[in-house]
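Reviewing the structure listed below.
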Amino acid sequence: MVHSRLYSAILQDHFRQHRQMALVSGPRQVGKTTVCRELGSVYLNWDSSDDRRLILSGPNRIAEKARLDRLNETRPLIVFDELHKYAKWKALLKGMFDVYGERCQIAVTGSAKIEILRRGSDSLMGRYFRYRMHPFSVAECLHTDVSDELLRAPQAIAEDDWSALWTHGGFPEPFLKRDPRFTRRWQTLRTEQLTQGDLRELTVLQNLGAMETLTLLLQERSGQQLVYSSLARDIGVAVDTVRHWIDLLQRLHFGFLLRPYFNNVRKALRKEPKWFLRDWSQVSDTGAKAETFIACHLLKAVEGWTDLGLGQFELRYVRDKLQREVDFLIVRDRKPWCLVEAKSSDTHLSDSLPYFQRETGAKHALQVVLDLPFVAKSCFEQTEPIIVPARTFLSQLV
């Protein structure tokens, strides 16, 4: 089975419109290398000894490899993969872009470390646009073109694709292969690579066993608020150590944290984050899996909309000290825009939706239910709290 990727169209659109480099980040095995290699004229991987020698020889030799001294009908695309492992990668890219940026296009792919280093003093400012790559989603199974509109018209996903997303997750290999035995082996290897490989590249781990225990606990607690002191007691390390490890796991895209929204909400919680796995197929509890499934789709949407210049979007949740809660709040240009309550099968409208819509002033309040059949009508046509099928709602996103 073959599915084209939305991100191929996004990068093609980027290079048609912009001279800046494309900085493509995302989880390991999400498809960054595959997409960029398909588009690139010259592919250079730091992990290849031959490519590494060429990279170390500097921009002029790379330009020779790309034949930038010739008249070309189009600007060749040079793809740098795993370049962040080179200590002077920023200086190399700056020199390459400043000297040859008018004659070539440049894409840089990476996972955790490239994002971490990007947060520091940025000598590349103004020379790149970022694109955060995510696994397959409902909308990406339906659309792989770039739209200037925030929301898509609702469209029914094929039942086979819906079932594969739910069962195998959205990472390309297990999603496309759709083999339960392969998926389980793939998940095991991915977790081992995370704990025994990727983490060691970022930090010195003196207690690998405790870190592995933490990843197991976090798999069981997707969709829950994190209590760092409780986790620290469970695995026998200091609270600050747990905070540091969770931050590393988040940067490695093992999972992500959602912070509470508290502006204009009476008695709102302000500190406790919620934790979600990036791979919802590893969540065993049906209710938690449904919430994680929708959380990952919403994160892809808010990051995609932001990266495409459609606005500044954030994903939060709302909860007050009286235990009232709505699972998600999309903040658009610093203003609450859409409340989303995730349910696997419950069709009784949550009392918290109308309450928090009044508190936040959000335009939309939707209860998204997984087992409802598709309805060919936009979820965003009305502003009153409403129950909507997940198949409809998720098809309108990214």
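Just so you know, all these numbers are worked out from the coordinates, no wet-lab data involved. As the structure is a prediction and not an experimental result, all values here were calculated from the model. With ideal geometry, Cβ positions are generated from the backbone for all residues, glycine too; neighbour counts draw on all protein chains shown.
Per-residue answers, yes or no, for (1) farther than 13 Å from Val108 by Cα; (2) part of a loop (DSSP other than H, G, I, E, B); (3) in contact with a strand residue (DSSP E or B) (Cβ under 9 Å, 6 or more places away or on another chain):
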| site | (1), (2), (3) |
| --- | --- |
| Arg16 | yes, no, no |
| Val30 | yes, yes, no |
| Thr33 | no, no, yes |
| Leu54 | yes, no, yes |
| Asn60 | yes, no, no |
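Take the conditions (1) of a type in the set (A, V, I, L, M); (2) in a helix (DSSP H, G or I); (3) surrounded by 16 or more Cβ atoms within 10 Å (Cβ to Cβ); Leu68 misses just one of them, which is (2).
Inside the range 356-373, residues that are surrounded by 16 or more Cβ atoms within 10 Å (Cβ to Cβ) and within 20 Å of Cys296 (Cα to Cα) make up a count of 8. For the range 10-26, indicate whether the set of residues that are in contact (Cβ under 8 Å) with a residue 24 or more places away in the chain, in contact with a Pro (Cβ under 8 Å, 6 or more places away or on another chain) and either crowded, with 20+ Cβ neighbours inside 10 Å or aliphatic (A, V, I, L, M) (or both) is non-empty. No, that holds for no residue.
Any idea which of Val388, Val375, Val340 is within 23 Å of Leu257 (Cα to Cα) and in contact with a strand residue (DSSP E or B) (Cβ under 9 Å, 6 or more places away or on another chain)?
Values: Val388 fails: within 23 Å of Leu257 (Cα to Cα); Val375 fails: within 23 Å of Leu257 (Cα to Cα).
Val340 is the lone residue from the list that is within 23 Å of Leu257 (Cα to Cα) and in contact with a strand residue (DSSP E or B) (Cβ under 9 Å, 6 or more places away or on another chain).
Any residue that is over 20 Å from the mean Cα position of the chain (by Cα) and within 30 Å of Arg391 (Cβ to Cβ) - is there at least one of those in the range 167-177? Write out each step before concluding.
As a first pass, look at the range 167-177 and keep what is over 20 Å from the mean Cα position of the chain (by Cα): 177.
When the remaining residues are screened for being within 30 Å of Arg391 (Cβ to Cβ), the result is 177.
Yes; the residues of the range 167-177 include at least one that is over 20 Å from the mean Cα position of the chain (by Cα) and within 30 Å of Arg391 (Cβ to Cβ).
For the subset of the range 288-323 comprising residues that are surrounded by 22 or more Cβ atoms within 10 Å (Cβ to Cβ) and among the basic types (Lys, Arg), which member is nearest to Thr392 (Cα to Cα)? Among those residues, the one meeting the criterion is Lys300. Residues in the range 71-94 that are farther than 23 Å from Glu201 by Cα and either surrounded by fewer than 16 Cβ atoms within 10 Å (Cβ to Cβ) or basic (Lys, Arg) (or both): Leu71, Asn72, Glu73, Thr74, Arg75, Lys94.
Taken over the range 136-145, the criterion of being surrounded by 15 or more Cβ atoms within 10 Å (Cβ to Cβ) and in a loop (DSSP other than H, G, I, E, B) is satisfied by Phe136, Ser137, His143, Thr144.
Of the residues making up the range 146-167, those that are among the aliphatic types (A, V, I, L, M), under 20 Å from Leu299 (Cβ atoms) and part of a loop (DSSP other than H, G, I, E, B) are Val146, Leu150, Leu151, Ile157.
State which residue is surrounded by the fewest Cβ atoms within 10 Å (Cβ to Cβ) when the search covers only the range 38-65 and only residues that are without any contact (Cβ under 8 Å) to a residue 60 or more places away in the chain and under 15 Å from Phe15 (Cβ atoms).
So the first thing to find is which residues in the range 38-65 are without any contact (Cβ under 8 Å) to a residue 60 or more places away in the chain, and the list is 38, 41-65.
Those still in the list that are under 15 Å from Phe15 (Cβ atoms) too: 38, 41-42.
Working: Glu38: 13, Ser41: 16, Val42: 19.
Among residues in the range 38-65 that are without any contact (Cβ under 8 Å) to a residue 60 or more places away in the chain and under 15 Å from Phe15 (Cβ atoms), the one surrounded by the fewest Cβ atoms within 10 Å (Cβ to Cβ) is Glu38.
Within the range 275-326, the set of residues being free of Cβ contacts under 8 Å to residues at least 40 places away in the same chain and under 22 Å from Arg152 (Cα atoms) comprises Val302, Thr306, Gly309, Gln312, Phe313, Glu314.
Results for (1) in contact with a Cys (Cβ under 9 Å, 6 or more places away or on another chain); (2) hydroxyl-bearing (Ser, Thr, Tyr), shown as yes or no for each residue.
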| site | (1), (2) |
| --- | --- |
| Arg278 | yes, no |
| Arg332 | yes, no |
| Leu339 | no, no |
| Thr347 | no, yes |
| Ala365 | yes, no |
| Ala376 | no, no |
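Kindly indicate whether Ser378 is touching a Pro at 6+ places or on another chain (Cβ under 9 Å), closer than 24 Å to Gln155 by Cβ and hydroxyl-bearing (Ser, Thr, Tyr). Please lay out each step first, then the result.
Working: touching a Pro at 6+ places or on another chain (Cβ under 9 Å): yes; closer than 24 Å to Gln155 by Cβ: yes; hydroxyl-bearing (Ser, Thr, Tyr): yes.
Yes; evaluated as a whole, the condition is true for this residue.
Going by the structure shown, is Phe256 under 29 Å from Glu149 (Cβ atoms), surrounded by fewer than 20 Cβ atoms within 10 Å (Cβ to Cβ) and out of contact with any Pro (no Cβ under 8 Å at 6 or more places or on another chain)? Yes; evaluated as a whole, the condition is true for this residue.
Select from the range 86-101 the residues that are without any contact (Cβ under 8 Å) to a residue 60 or more places away in the chain and assigned to a helix (DSSP H, G or I) and list them in ascending order. Selection gives Trp89, Lys90, Ala91, Leu92, Lys94, Gly95, Met96, Asp98, Val99, Tyr100.
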